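These notes are about the structure you will find just below.
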Amino acid sequence: MLAKIRSVGIKGIDGFPVAVEVDVASGLPTFSIVGLADIEVKESKDRVVAAIRNSGFDFPLKRITVNLAPAEIRKSGTHFDLPIALGILAASGQLDNAGHTLGKTTFVGELALNGDIRPVSGLLPMLLSLKTSAISEAVVPCANNAEAAVSGAKAFVAADIKTLVAALSGKTPLEPCAENAAVANTESIPHNGDFSEVKGQALAKRALEIAAAGGHNVLMMGPPGSGKSMLARRFADILPPMSNEESLEVTKIYSVCGLTRGGRLIRHRPFRDPHHTISDIALVGGGSTPRPGEVSLAHNGVLFLDELAEFSRASLEVLREPLESFHVTISRAKESVRYPARFTMIAACNSCPCGFHGHPDKKCVCSPLQIQRYRGKISGPLLDRIDLNIQLAPVKYGHWAQTSEGESSDVIRRRVLQARKIQSARFKGSHASANAFMTVSQIRKFCAVPEGGGPILETAMNRLGLSARSLDKILKIARTIADLEGVPEIRKEHLMEVIQYRAFDRAHAA
């Protein structure tokens, strides 16, 4: 006998419909799963057998064939346990009067050996994909209740196979997903400290304010203890809040990785700070079954790379694609997936291996060759993709001992929000959300070179060896400074201010 159960698969961070076809026929007892199933799916056989038997049902000792259609797309995950088990029960005649319900409902869930339905990863993109399909209802694990509520789909929850079968047979009603779970499980905004706590470093604070206002990447170089990490960790608190669309995008990525922490809708912008020993695959994503990396987990948020020069050359070079195209494409022999990776990168490093090259008081013990090798890890093409690079000086005692506080994060954040409102109106209807993400045509439209600005850019290009990409970035940053000031056009002083944030270029030119 043949049964067909609806389910959902995951490709990248998007769901796609999967038909779980189960055939129970006479013959030697076998249990096979076909349809390009990954190892996680094939391991479900033992869980399904034990769950069916321990729930009080008979497992048919016949030839069982499970097909996951479409067969040309790879299937991974443990969430196919429930539809496979229901398909076996339906094909063996153990589901009474459930045909109509099975045909219009999508089932997702991992099975415990006693028949309990366990939570799964990636439920949010699965349920969001149902909005474009003819299947209007879904049955999900009880523990995924909050995540189901976030999706807005018509979902029901089930605790175990036995109660689910009773509900499908019309004996008891299915329990609907709690509608208020999405509100009750919204992520609270963390607090990473205040900018008023940072002593001195006025230039760095200004650069980070510009970066937050326009979404620009920043590299801070300075001796140990100059406040690089302290500034970076406070950067997230001056960023504008995410829109509903951005929150859903981020939550989808975290859902696929199983990091939604109880199904909460992520409202604060992500802040990711991987250790410098991270591999290139863990940084950008990949693996035999492609998974998102740190750059995708930082989508719509901040990627902080501390001790940038200590990262491996391979890890740094794979950042080129996401920094330029704002996504990562991972290709395998039979599939290709794309993960979003639109983030603001804040990087920090020392001036040399010992950290004291150029220090006014401490002597550097590194040889010129050691300094060259250390800085050489940050390649020219990667540096060209960083908008602002600044040199931090050591904090003097006078700054450290001062009792008056500088501007708070709230004050800076209000200016950033005002600048972002200007950009939101400017890019309405386009894919750009901030000045850093402008296309070439948008740069030409919104970043006109001011009168007298041409010679400034030409001089900077000739003396600092800037590329055409660097000049475009200078115009983007100048546009952000103009937005912070609330003026409609870029001015010469804006261009001159931007050029001082090219410390690496000046150092190489010297």
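The values are calculated or read from the model by the stated rules, or taken from the named source; none is laboratory data. Computed from a prediction, not measured in an experiment: that's the story for all the values here. Methodologically, a virtual Cβ is constructed for each residue, glycine included, from the backbone with ideal geometry; neighbour enumeration extends over all protein chains shown. Accessible surface areas use protein heavy atoms only, side chains included; no ligands, DNA or RNA. Shrake-Rupley method; radii C 1.70, N 1.55, O 1.52, S 1.80 Å.
Taken over the range 298-329, the residue count meeting the criterion of being in a helix (DSSP H, G or I) and over 30 Å from PRO223 (Cβ atoms) is 3.
Annotation: of all residues in the range 330-348 being of a type outside the set (Asp, Glu) and part of a loop (DSSP other than H, G, I, E, B), the one that is surrounded by the fewest Cβ atoms within 10 Å (Cβ to Cβ) is ALA333.
For (1) at pLDDT below 90; (2) among the charged types (D, E, K, R); (3) in contact with a His (Cβ under 7 Å, 6 or more places away or on another chain); (4) not in a loop (DSSP other than H, G, I, E, B), each residue gets a yes or a no:
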| site | (1), (2), (3), (4) |
| --- | --- |
| ILE412 | no, no, no, yes |
| ARG420 | no, yes, no, yes |
| GLN423 | no, no, no, yes |
| ALA432 | yes, no, no, no |
| ALA436 | no, no, yes, yes |
| LYS445 | no, yes, no, yes |
| ILE456 | no, no, no, yes |
| ARG463 | yes, yes, no, yes |
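Based on this model, can you work out whether THR329 counts as free of Cβ contacts under 8 Å to residues at least 12 places away in the same chain and farther than 30 Å from GLN372 by Cβ? Spelling it out, THR329 is indeed free of Cβ contacts under 8 Å to residues at least 12 places away in the same chain and farther than 30 Å from GLN372 by Cβ.
How many of the residues in the range 298-317 are buried (at least 18 other Cβ atoms within 10 Å of the Cβ), farther than 15 Å from ARG338 by Cβ and either out of contact with any helix residue (DSSP H, G or I) (no Cβ under 9 Å at 6 or more places or on another chain) or of a type outside the set (D, E, K, R) (or both)? First the steps, then the outcome.
Of all residues in the range 298-317, those buried (at least 18 other Cβ atoms within 10 Å of the Cβ) come to 298-306, 308-309, 311, 315-316.
Add one more test, that the residue is farther than 15 Å from ARG338 by Cβ, and what stays is 298, 300-306, 308-309, 311, 315-316.
With the extra rule that they be either out of contact with any helix residue (DSSP H, G or I) (no Cβ under 9 Å at 6 or more places or on another chain) or of a type outside the set (D, E, K, R) (or both), the set shrinks to 298, 300-305, 308-309, 311, 315-316.
Selection size over the range 298-317: 12.
All told, THR65 falls short of being polar (S, T, N, Q), at pLDDT 90 or above and part of a loop (DSSP other than H, G, I, E, B). Applying the criterion of at least 2 residues that are touching a Lys or Arg at 6+ places or on another chain (Cβ under 6 Å) and open to solvent by less than 20 Å² (accessible area, probe 1.4 Å) to the helices (runs of 4 or more DSSP H) found wholly in the range 89-177 leaves 123-129.
Just the residues that are in a helix (DSSP H, G or I) and either among the small types (Gly, Ala, Ser) or in contact with a Pro (Cβ under 8 Å, 6 or more places away or on another chain) (or both), please, taken from the range 201-242. Can you show your working first?
Residues of the range 201-242 that are in a helix (DSSP H, G or I), as a first pass: 202-214, 228-238.
Correct list: ALA202, ALA204, ALA207, ALA211, ALA212, ALA213, GLY214, SER229, ALA232, ALA236.
Of all the numbered requirements in (1) crowded, with 17+ Cβ neighbours inside 10 Å; (2) modelled with pLDDT of 90 or more, SER351 misses one, and that requirement is (2).
Look at (1) touching a Phe, Trp or Tyr at 6+ places or on another chain (Cβ under 6 Å); (2) in a strand (DSSP E or B) and you find that LEU82 fails only one, number (2). Restrict the check to the range 35-49 and report whether at least one residue is under 21 Å from VAL157 (Cβ atoms), open to solvent by less than 20 Å² (accessible area, probe 1.4 Å) and not basic (Lys, Arg). So far as the range 35-49 goes, yes, one or more of its residues are under 21 Å from VAL157 (Cβ atoms), open to solvent by less than 20 Å² (accessible area, probe 1.4 Å) and not basic (Lys, Arg). Residues that are surrounded by 22 or more Cβ atoms within 10 Å (Cβ to Cβ), assigned to a loop (DSSP other than H, G, I, E, B) and out of contact with any strand residue (DSSP E or B) (no Cβ under 9 Å at 6 or more places or on another chain) do not occur anywhere in the range 271-294.
So that you can scan it fast, the table gives a plain yes or no per residue for (1) touching a residue at least 60 places away in the same chain (Cβ under 8 Å); (2) under 20 Å from GLU324 (Cα atoms):
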{"position": "GLU407", "(1), (2)": "yes, no"}
{"position": "VAL416", "(1), (2)": "yes, no"}
{"position": "ILE422", "(1), (2)": "yes, no"}
{"position": "ARG426", "(1), (2)": "no, no"}
{"position": "GLY429", "(1), (2)": "no, no"}
{"position": "ARG444", "(1), (2)": "no, yes"}
{"position": "PRO450", "(1), (2)": "no, no"}
